[in-house]
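The values are calculated or read from the model by the stated rules, or taken from the named source; none is laboratory data. Keep in mind that this is a model prediction, so the values were computed, not measured. Cβ sites come from the backbone with ideal geometry, for glycine too, and all protein chains shown count toward neighbours. Just the protein is used for accessible areas: all its heavy atoms, side chains included, with ligands, DNA and RNA removed. Shrake-Rupley method; radii C 1.70, N 1.55, O 1.52, S 1.80 Å.
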Amino acid sequence: MAESKASLSINGKEVAELPILKGSAGNDVIDIRTLGASGYFTYDPGFLATASCESSITFIDGGKGVLQHRGYPIANLAKDADYLEVCYILLNGVAPSKSEYDDFVNVITNHTLVHEKLVQFFHGFLPDAHPMAMLCGVVGALSSFYHDDLDITDPEQRMRCAHRLIAKMPTIAAMAYKYNIGQPFVYPRNELSYAENFLHMMFSVPAEEYNVNPVAAKAMDRIFTLHADHEQNASTSTVRLAGSSGANPYACIAAGVASLWGPAHGGANEACLTMLEEIGDVSRVDEFVAKAKDKADPFRLMGFGHRVYKNFDPRATVMRETCHEVLQELGIQDPLLDVAMALEKVALEDPYFIEKKLYPNVDFYSGIILKALGIPSSMFTVIFAMSRTVGWISHWEEMLSQPGQKIGRPRQLYTGEIDREFVPLKGK
């Protein structure tokens, strides 16, 4: 991949000649792996300009608003594929044939049940425990149920782990919700689709029949699809770093769940809903827009703009359409949804937002949809984690399939004390 080289000179003296690597798309990368031998490391807090791995799974061009999985544009996948088809693509690198898709769906469907002993784990949590706390613990505990099938050097065992995680995450997520509200756990049903099954396990009760609204199921499926993977973000990097030590896949995914829990990452759509509650009424939208424009005011509009996308978030285009479909179908009268639609109108028409490209992002619309479907904000990040599991496990699988992988070991710029004398307490 190295077609040219970069020369590093310090104080007029050439220190190193570094290969420049070219990928199939995106920025070129300077290979600095040999730089340490010259007595230097690079300094890049937050890894904003550092490629930590080589990957062929997802490509993002934030300036152009491009997101592709295995080369397939996200808009095409969201409109013409379902979530399990996207899962197959992320895991296997190419779109499935009809028979491959049917076999994959059958495998996932037959792995949705969890061991009855795992059910007992939930009873160790307080009833008001955050669902993400339960998800972290229970996902990590899965390794104790499959300890005879954890040879990470075996591709077949790795793929079985991937299938189990994709299949069981909706079951575990729904159980966390049911435990919170004091209702009995609901078992999955094999005749339902992935999204239908999740809604069934969330909202059905033994006392009456529950029929899944097809518009709600379609919206749920799109939310899963649009959150399936997003390149080397914080949680994916966490999964890769944990996996580089040889940790089992369930521990690695639990680490990803923990990373996603942060409000700067997976909690964005929950933060968006909190903001809507703070605004409270359509009559106050202009007031809060003015606050957002005031640099001296600490208030921030959540769900607008994106750290990666300097243009319109390509996922938001599809999610906006789905959001309006859901609101029209369900006909919900909710002041917060009215506030959200008023904010959307401002963001799409106000010159300030247009100039700064502060468009509504996927978190803005997904938060509105989830609220409209009756899902509490405490479950938003859980659903994100459930959706992103396939991305995490795909990157984990890719990393382990590449030769010469080493345990992750970032360097540091040390600024602490040096060579201090220690005086033992017993000598005083």
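The modelled label-to-label distance for the pair Glu417/Asn110, using points 7 Å beyond Cα in the direction of Cβ, is 6.4 nm. Taking R0 as 41 Å, what FRET efficiency do you get between Arg160 and Asn76 from their Cβ-Cβ distance, rounded to the nearest 0.05? The pair Arg160/Asn76 has a calculated efficiency of 0.90. Given R0 = 45 Å, the distance between the Cβ atoms of Val282 and Ser99 translates into a calculated FRET efficiency of 0.30.
Full extension of the segment from Ile10 to Phe145, taken as 0.36 nm per residue of separation minus the current Cα-Cα distance, would add 43.1 nm. Sorting 39-47, 235-243 by their mean Cβ neighbour count within 10 Å, with the most densely packed peptide first, gives 235-243, 39-47. Between the amide H of Ser244 and those of Gly408, distances stay under 5 Å, these residues lying 5 or more places away or on another chain, with hydrogens modeled in the peptide plane. Across region 1-50, C-alpha contacts under 8 Å between residues 6 or more apart give a mean separation that, scaled by the residue count, equals a relative contact order of 26 percent. Geometric descriptor of region 22-126, per residue, is 238 Å³ (volume of the convex hull of the Cα atoms). Note on the chain: with neighbouring protein chains present and a 1.4 Å probe, carbon and sulfur make up 52 percent of its accessible heavy-atom surface. The ratio of the alpha-carbon radius of gyration of region 327-366 to the globular-protein estimate 2.2 N^0.38 Å is 1.30. Convex hull volume of the C-alpha atoms in region 56-181, normalised per residue: 148 Å³.
The calculated FRET efficiency for Phe312 paired with Met341, based on their beta-carbon distance and R0 = 22 Å, is about 0.75.
Placing dummy labels 7 Å off each Cα toward the beta-carbon, the span from Ala207 to Ala296 is 5.6 nm. Electrostatic bookkeeping for Phe104 treats Lys and Arg as +1 and Asp and Glu as -1; over the other residues with beta carbon under 12 Å from its beta carbon, the sum is -4. Remark: the Glu329-Leu348 segment gains 4.5 nm on full extension, using 0.36 nm per residue and subtracting the alpha carbon distance.
For region 198-344, what relative contact order do you get, as a whole percent, if you take Cα pairs closer than 8 Å and at least 6 residues apart? Normalised by residue count, the contact order of region 198-344 is 24 percent. Less than 5 angstrom separates the built amide H of Val66 from those of Asp61, all sequence-distant by 5 or more or on a different chain. The value of relative contact order for region 82-198, using C-alpha pairs under 8 Å at least six residues apart, is 31 percent. Remark on region 215-276: Rg and Dmax equal 13.9, 43 Å (Cα only).
With the Kirkwood sum run over all distinct C-alpha pairs, region 249-330 has a hydrodynamic radius of 15.4 Å.
Each Lys and Arg Cβ is given +1 and each Asp and Glu Cβ -1; about its Cα centre, the chain then shows a dipole of about 1180 debye. Heavy atoms of the protein chains alone define the surface here; on that basis the chain has 51 Å² accessible area per residue at 1.4 Å probe size.
Calculation over all alpha carbon pairs of the chain in 10 angstrom steps from 0 returns a P(r) of 4, 19, 29, 24, 15, 7, 2, 0 percent. The H on the amide N of Ala6, modeled in the peptide plane, is under 5 Å from the matching H of Leu18, Ile20, each at least 5 residues off or on a different chain.
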